[in-house]
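Following: one structure in structure tokens, then a few remarks.
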Amino acid sequence: MPLFGSSFSPKKTPPRKWASLSNLHLLDRSTREVELGLEYGTPTMNLAGQSLKFENGHWVSESGGFLGDRRELQRLRKRNQQLEEENNLLRLKVDILLDMLSETTAESHLMEKELEELKQHSRRKK
């Protein structure tokens, strides 16, 4: 009786005769699409109460109200432009304020240094 070895040896399984029992691979593509549900159609979504579908690489409104969409799009573009201009102005103001702050801080440090030098000079004279 071996201590570390085993005499157990499983039997090898016989090879399969058929790769698949399904006959769907024998069907043509259109039948497979119908059978397996591979025809998805166009992607659609509902966003803010408006139904949109994806066609030719763009999201298009299903309601067909393109005129309303264009007006809304123009209004949003104009608002976006205004906000970008306001944002640029605010960034410019922040940059100016930071420059003013750094200049004032530098002047303050110089004045403090001069004041220290004057104090030391006056102490030496006494």
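Table for the structure above
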{"quantity": "Segment VAL34-GLU55, extension gain: residue separation times 0.36 nm, minus the distance between their alpha carbons", "calculated": "5.4 nm"}
{"quantity": "Rounded to the nearest 10 Å², the accessible area of HIS58 at probe 1.4 Å", "calculated": "120"}
{"quantity": "Residue-by-residue Karplus 3J(HN,Hα) for segment 111-125, coefficients 6.51, -1.76, 1.60, Hz, glycine and proline x", "calculated": "5, 5, 5, 5, 5, 4, 5, 5, 5, 5, 5, 6, 5, 5, 6"}
{"quantity": "Solvent-accessible ranking of VAL60, VAL34, largest area first, probe 1.4 Å", "calculated": "VAL34, VAL60"}
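The values are calculated or read from the model by the stated rules, or taken from the named source; none is laboratory data. Because the structure is predicted, anything quoted here is derived from the model rather than measured. Ligands, DNA and RNA are excluded from the accessible area calculation, which covers all protein heavy atoms including side chains. Shrake-Rupley method; radii C 1.70, N 1.55, O 1.52, S 1.80 Å.
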